[in-house]
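Everything below concerns the one structure shown next.
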Amino acid sequence: MPHIPLPDGVPGIRSLVIYRPDTGQHLYALAQALLRAGSPDSTLANAERELIAAFVSKQNQTDFCMMSHAAASRYLYADQRDLVDQTLADTETSPISAKLKALLIIADHVRADARTVSEELVAAARAEGATDGDIHDTVLIAASFCMYNRYVDGLATLTPTDPAAYDAMGERMGTMGYQLPTPQASPATHLS
């Protein structure tokens, strides 16, 4: 049960941006910039960006964000969708690139204590082909998702428990990106 009155049946952050569209528009614009546009010198695919968001959310134990961004990553990976679950289950043995593994290590350090992101971790990512834009965007995605996770969990937003509920969210985020929901739309359009 949410700690404040939120729209019925609207899960996660979508309920919060309906409650406060003045702040929500900026949160959605940030998500769009990080998960779709990225830095000009970044080589990260949208599927990888969503996977970083899902990974950080899993580490933070924020089920809504982890499930919705994992679903978006699966949708974007298409035929390689199994990479997402393999990575979330065990990053070290997953069949993702060495570059993405190095970036996920950086993301986890940002999540746990950003001061522990060392020159060695950055050098290891660079050695695997990460650009400055990749490193920048990874750090900002991780930092932002710590904020998003705490926002969603701190107000106890609705988190669907049925994994199938996230499929539509993933497809919507994968095709439409991050657009501010409207208060008058039906709950079915407010997924993720």
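The values are calculated or read from the model by the stated rules, or taken from the named source; none is laboratory data. Keep in mind it's a predicted model, so treat the numbers as computed, not measured. Note that we place each Cβ from the backbone using ideal geometry, even for glycine, and neighbour counts take in every protein chain shown. Surface areas here come from the heavy atoms of the whole protein model, side chains and all, with no ligands, DNA or RNA. Shrake-Rupley method; radii C 1.70, N 1.55, O 1.52, S 1.80 Å.
Which number in (1) at pLDDT 95 or above; (2) open to solvent by 30 Å² or more (accessible area, probe 1.4 Å); (3) not aromatic (Phe, Trp, Tyr) marks the one condition that Thr87 misses?
In the conditions (1) at pLDDT 95 or above; (2) open to solvent by 30 Å² or more (accessible area, probe 1.4 Å); (3) not aromatic (Phe, Trp, Tyr), Thr87 misses (2) alone.
For Leu27, only one of the following conditions fails: (1) open to solvent by less than 50 Å² (accessible area, probe 1.4 Å); (2) not in a helix (DSSP H, G or I). What is its number?
Failing condition for Leu27: (2).
With the requirement that a residue be open to solvent by less than 70 Å² (accessible area, probe 1.4 Å) and farther than 14 Å from Cys146 by Cα, what does region 58-84 give you?
Selection gives Met67, Ser68, Ala70, Ala71, Ala72, Ser73, Arg74, Leu76, Tyr77, Ala78, Leu83, Val84.
Considering only region 79-96, I want to know if a residue exists there that is in contact with a helix residue (DSSP H, G or I) (Cβ under 8 Å, 6 or more places away or on another chain), among the hydrophobic types (A, V, I, L, M, F, W, C), part of a loop (DSSP other than H, G, I, E, B) and under 20 Å from Thr138 (Cβ atoms).
yes
Hey, any hits in region 44-57 for a residue that's closer than 25 Å to Met169 by Cα, in contact (Cβ under 8 Å) with a residue 60 or more places away in the chain, among the acidic types (Asp, Glu) and buried (at least 18 other Cβ atoms within 10 Å of the Cβ)?
Yes.
Out of all the residues in region 143-174, which are open to solvent by 10 Å² or more (accessible area, probe 1.4 Å) and hydrophobic (A, V, I, L, M, F, W, C)?
If the condition is that a residue be open to solvent by 10 Å² or more (accessible area, probe 1.4 Å) and hydrophobic (A, V, I, L, M, F, W, C), then Ala143, Cys146, Met147, Leu155, Ala156, Leu158, Ala164, Ala165, Ala168 are the ones that fit.
Output the number of residues of region 113-134 satisfying the condition of being more than 16 Å from the chain's Cα centre (by Cα) and assigned to a helix (DSSP H, G or I).
15
Could you go through region 7-20 and let me know if any residue there is under 18 Å from Val139 (Cβ atoms) and touching a helix residue (DSSP H, G or I) at 6+ places or on another chain (Cβ under 7 Å).
No - not one qualifying residue is present in region 7-20.
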